[in-house]
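What follows is a set of notes on a single structure, which appears directly below.
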Amino acid sequence: MIITIDGPAASGKSSVAQLLAKKLKIAFVSSGLLYRAATYLALKADINLENEILLLAMLNESELRLEPEPNNSHKITLSGQDISKYLHTDKIDANVSILAKHPKVRDWVDERLKTTKGSFVIEGRDMGAKVFTNANYKFYLSASPEVRAARRLDERLIDLEEMIAQLIARDKKDYKQLKAANDAIFIATDELSLIEVVETIFKKIAHGKDF
Ligand code: DC
């Protein structure tokens, strides 16, 4: 079974997808991690993030892998080393959208995601609309920039106003990548807790009795 959860930055996709996957005892995949890892690599190698050809050459030569873990999660490895913990920094937040806008880079990421085996919950921007168009269930989470900023505040050392401004700026940059599938179920999460969002999705799935 494949379940896609898409939505803008800090809409809660990642936490919701992780909890849902745990509840269903299937794997969890974050597609954003591959974009983050590619950005990490490009910044380290001092590659201009606007240069699609150089980025693609870097990716094709790299030993960047999305690998399943025994706990149903996935880690990102570079030449066998787990680099997942370096990928959620302000610097990567600020640069990842530049890299993620290139169609060939997106194809490279999509190809890797498509090799994922078994049943899984995958979160991103265009998982339901582009990468897993045959997914059994597709969800799209939304929330206002204010609500999303408040949720993300604990993870970053900046104040609320700055976080709201950063998210609005990232929404603008991610705008082209963010695609809701026509057949996705929309969930406005502003007034819902994390558990309530997971329960809402779980009920829709349980109703369909696909597992
Ligand atoms: O979900 P996230 O914040 O970890 O994603 C990091 C960035 O990667 C985000 O700014 C946009 C990009 N991204 C994308 O373009 N397509 C995806 N499927 C997932 C992420």
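The values are calculated or read from the model by the stated rules, or taken from the named source; none is laboratory data. Note that the structure is a prediction, hence the values are computed from the model and not measured. Reconstructed Cβ throughout: ideal geometry from the backbone, glycine too, with neighbour counts over all protein chains shown.
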Restricting the stretch 78-88 to residues that are surrounded by fewer than 16 Cβ atoms within 10 Å (Cβ to Cβ) and under 30 Å from residue 24 (Cα atoms), the one farthest from the ligand (Cβ to nearest atom) turns out to be 80
If we ask which residues in the stretch 1-25 are part of a helix (DSSP H, G or I), at pLDDT 95 or above and within 11 Å of the ligand (Cβ to nearest atom), their number turns out to be 1
* Output yes when any residue across the stretch 55-73 is away from the ligand (no atom under 11 Å from the Cβ) and within 28 Å of residue 143 (Cα to Cα), and no when none is. => yes
Within the stretch 143-156, the count of residues that are part of a loop (DSSP other than H, G, I, E, B) and either within 13 Å of the ligand (Cβ to nearest atom) or among the basic types (Lys, Arg) (or both) comes to 1
Flagged in the stretch 44-66 as surrounded by fewer than 11 Cβ atoms within 10 Å (Cβ to Cβ) and either within 30 Å of residue 24 (Cα to Cα) or acidic (Asp, Glu) (or both), in numbering order, are 46, 61, 63
Counting only residues in the stretch 96-142 that are within 9 Å of the ligand (Cβ to nearest atom) and part of a loop (DSSP other than H, G, I, E, B), the one surrounded by the most Cβ atoms within 10 Å (Cβ to Cβ) is identified as 125
With the first residue restricted to the stretch 26-49 and required to be more than 12 Å from the ligand (Cβ to nearest atom), and the second required to be basic (Lys, Arg), Cβ contacts under 6 Å at 6 or more apart or on different chains are none
